[in-house]
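Written out below as structure tokens is the structure these notes cover.
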Amino acid sequence: MIPANFDSADLDTVLSDWLRALHEQAVLAVVILGPNPFGARDERDVVAVHPPGLGVAARALAASSDYGSGWRDTDAPLVAWQSIARPEPVPGDWRSQWVAHGFHGLVRVEFPLPADRAFECFLFSPRELAGRAEAAALVWSTMSVWPLVRRALATARSTLSPRERECLVLAFQGLTARESAGRLQCAERTVNFHLANAMGKLKVDSKLAAIQRACWLGVM
């Protein structure tokens with residue numbers, strides 16, 4: 001079940017409704033990791049976790065070297081599923097924390113971003129998955145709901161004004177400031193003003209870098 005009026009739904013509501021829809025498939029937790037826009041290449045932030053009480057375990061996963069940028073340096077697929085209880089996890093690592101909360105299986109789906117970054121969506125189950133078919137069904141569910149999650153994510157994370165984001169989107173599409181001004185029916189200097197504000201908020205000094213960092217935040 002997805003909120004009927006999604007535009008008014010926050011990220012926590014979307015994730016809660018998604019987990020409710022997945023209850024019959026024994027998925028009881030979801031974690032979304034994303035790149036740290038202001039950190040090193042392999043730094044990941046916990047973008048969202050539901051239920052919220054699993055925040056410590058989610059941060060342990062984000063801080064680990066599992067998956068992440070190293071994963072994308074290999075020929076590994078963008079999807080993975082595994083038992084986290086076998087072999088027995090090392091005390092103190094992220095797997096042991098999730099097992100302590102009663103979780104045994106996970107599915108991970110990656111959504112690539114520019115410059116070798118990605119959002120990673122993890123679904124956790126209290127039992128091991130029955131097989132490839134069950135994992136595939138969870139992957140399809142994740143891919144179906146991701147556009148809704150991404151939109152809520154943009155609202156939750158963005159400090160950009162709607163006009164600043166709009167100007168960045170048009171720049172991403174290859175339009176010049178003059179062409180963007182024509183599309184938005186405003187002055188060229190107004191477009192440049194919004195782009196400069198966006199660059200300041202994103203702590204970069206070029207339009208290209210602003211577009212890239214906005215993508216990492218999920219607002220593009």
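The values are calculated or read from the model by the stated rules, or taken from the named source; none is laboratory data. Predicted model, so just to flag it, every value in this text is computed and none were measured. With ideal geometry, Cβ positions are generated from the backbone for all residues, glycine too; neighbour counts draw on all protein chains shown. Note: accessible area is taken over every heavy atom of the protein model, side chains too, but ligands, DNA and RNA are not part of it. Shrake-Rupley method; radii C 1.70, N 1.55, O 1.52, S 1.80 Å.
Between D10 and R183, the distance separating the two model label sites (each 7 Å from Cα on the Cα→Cβ line) works out to 3.2 nm.
The value for the range 101-220 of Rg(Cα) / (2.2 N^0.38 Å) is 1.38.
Against the longest principal axis of the chain, how steep is helix 132-157, in degrees 0 to 90 to the nearest 10, with axes from Cα atoms? The answer is roughly 40 degrees. What the Cα convex hull of the chain gives, in volume per residue, is 132 Å³. Were the residues from S83 through W146 laid out at 0.36 nm apart, the gain over their Cα-Cα distance would be 20.3 nm.
Measuring spread by the Cα atoms of the range 110-169 yields a radius of gyration and Dmax of 15.5, 48 Å. Kirkwood-type hydrodynamic radius, the range 40-169: 16.1 Å, calculated from all non-identical alpha-carbon pairs. The sum of -39500 (n - 2.57) across all DSSP H runs of n ≥ 4, divided by the residue count of the chain, sets its helix-only mean residue ellipticity at 222 nm to -14000 deg cm²/dmol.
Dipole of the range 59-134 computed with +1 at Lys/Arg Cβ and -1 at Asp/Glu Cβ about the Cα centre; of F124, P112, P89, farthest Cα towards the positive end is F124. Surface composition of the chain: carbon plus sulfur atoms hold 55% of the accessible area, using a 1.4 angstrom probe and ignoring ligands, DNA and RNA. A 1.4 Å probe run over the protein chains yields, for the range 87-220, 50 Å² of accessible area per residue, whole-number rounding. Ranked by solvent-accessible area (1.4 Å probe, protein heavy atoms only, all chains present), the residues M143, M199 order from largest to smallest as M143, M199.
Once you have a ≥ b ≥ c as the square roots of the Cα gyration tensor eigenvalues for the range 168-213, tell me rounded if a/c is under 1.5, and otherwise prolate or oblate according to whether a/b is larger than b/c.
Details: a/c = 2.78, a/b = 1.58, b/c = 1.76.
It is oblate, given that a/c is not under 1.5 and a/b is not larger than b/c.
Please give the length that would be gained between S161 and A130 if that part of the chain were fully extended, namely 0.36 nm times their separation in residues minus their C-alpha to C-alpha distance (nm, one decimal). Could you put the intermediate results ahead of the total?
Working: separation 31, 0.36 × 31 = 11.16 nm, distance 4.55 nm.
Stretched fully, the S161-A130 segment lengthens by 6.6 nm.
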